[in-house]
Amino acid sequence: MSDYRQTLIKDIEASLSNILDRDTHAIVVSRILRILNGYEVTKRCTEIATYDDANERILKRYCACLNIDGKSKKTIYAYYRTLVRFMDFLRKPVTEIGTYDIRFYLASEKERGISDSTMESTRVKISAFFGWMFDEEMIPKNPCRTIKSIKVPKMNRHAFSSVELDSLRNACAKSKERALIEVLASSGIRVSELTNLNISDIDFGTLSVQVRQGKGGKDRKTYINDVALVYLKKYLSTRSDNSVALFLNHNGSRMGSGGVRVILNSLGKRAKVDNVHPHRFRRTFATGLAARGMAVQEIQRLLGHSNINTTMRYVQMDDSKVKASYLQYTA
């Protein structure tokens, strides 16, 4: 038996020793020996010459294509970071990576305790990358084609109840806090879109909000209600700066997404409301509009979704309302 097969068997024995009892371990190893007897085993070379920067050049070209396609800098960085980690793990030219390599990497991630949702996100990014390479004729076939999606348990992401929203409002100690949650609750914008807003993006006459360079680089219009307008004006009246930004942090600079999350987390603790984060206001916005009868296509436009299926995942329909609608249209 070759040295490589002996090494492989020793590695398997060591791996199984902590999870199998002695008798079962002996049986499993014996069967593996019989199976390996019909195969030649060679060691896979995992070293890349230091002068070969082909992987990096291909990855930069891919990121440039993502940029041309309108992906945000945040999205492009997420793809880049995932793919760099993937390539560093395998340590071989990306054009030579096969289906087994990808499955091996995903299995290793699973063994590290990575969640199924993160695993699926990783698989999607790797699959998109190799799909692009195949389309660009860099590889003869896509090694991800036969790798199935990873099933992720569905999570119930609940909208805020009216009681929870009232508790958050009552917990506000500053006009900025109240203005912040009223704008989020009435406009349905993303936290990144909120922090990018300038004062000039709010039309105080029509209550419209001009969202510039939203997700996917798209502009759109949404709206705030009268309550949000009142508290927004109240907050702006406390400022004496010359900044164009709608919301500022305590240093007088444009507030970032992290600053918004800190404020909401603090409000949640004060109001004794769990899981208070920006995206939950967006879900509450969509669910509330649907409950009041707005068409899903119109909600989709306000949220800035390209796919209506994404909007449907945001909208939580109460069973009693569904039944009432059914009776209304079937009576």
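Provide the net charge surrounding residue 207, with neighbours chosen by a C-beta distance below 13 Å and charges set as Lys +1, Arg +1, Asp -1, Glu -1.
Within the 13 Å Cβ shell, the charges total -2.
Could you name the aspartates and glutamates in cross-link range of residue 176, using Cα to Cα under 15 Å and dropping any fewer than eight places away on the same chain?
241
Fully extended, how many nm does the chain gain between residue 117 and residue 32 (0.36 nm per residue separation, minus their Cα-Cα distance)?
This chain segment gains 27.3 nm when fully extended.
Please list the non-local residues whose amide H lies under 5 Å from the amide H of residue 223, H modeled 1.01 Å from N, same-chain partners needing a gap of 5 or more.
Result for residue 223 returns 209.
What pairs from 151/221; 73/110; 92/125 go past 24 Å between their alpha carbons?
Result: 151/221; 73/110 exceed 24 Å.
In nm, give the distance between the simple-model label positions of residue 291 and residue 72, each being 7 Å from the Cα along the Cα-to-Cβ direction.
2.7 nm
Pairs of Cα atoms under 8 Å, at least six residues apart: use those to get the relative contact order of the stretch 54-135, whole percent. Write down the numbers at each step before the final one.
Working: 30 pairs, mean separation 26.1, N = 82.
It comes to 32 percent, rounded to a whole number.
Given the pairs 74/218; 71/218; 234/272; 174/233, which are separated by over 20 angstrom at their Cα positions?
Working: 74/218 15 Å; 71/218 10 Å; 234/272 26 Å; 174/233 13 Å.
Among 74/218; 71/218; 234/272; 174/233, the Cα-Cα distance tops 20 Å for 234/272.
Please arrange 135, 23 by counting, for each residue, the other beta carbons lying within 10 Å of its beta carbon, fewest first. Let's see the in-between values first.
Numbers: 135 11, 23 8.
Sorted ascending by nearby Cβ count, the order is 23, 135.
Given the convex hull of the Cα atoms of the stretch 162-330, what is a quarter of its surface area in nm²?
10.7 nm²
Mind giving me the nanometre distance, one decimal, between the label points for residue 89 and residue 201, set 7 Å out from Cα along Cα→Cβ?
Going by the 7 Å Cα→Cβ label model, 3.6 nm.
Kindly write out, for the stretch 265-272 in residue order, the coupling ³J(HN,Hα) from the Karplus curve 6.51 cos²θ - 1.76 cosθ + 1.60 (θ = phi - 60°), rounded to whole Hz, with x marking Gly and Pro.
These are the phi-based 3J(HN,Hα) values: 5, 5, 4, x, 5, 5, 8, 6 Hz.
Given the stretch 54-135, what whole percent of its Cα pairs are spread farther than 14 Å?
Numbers: 2102 of 3321 pairs.
Of the Cα pairs, 63 percent sit more than 14 Å apart.
No value in this document is a laboratory result; all are computed from the given coordinates. These numbers come from a predicted model, not from an experiment. Heads up, the Cβs are rebuilt from the backbone with ideal geometry, glycines too, and the neighbour counts pull from every protein chain shown.
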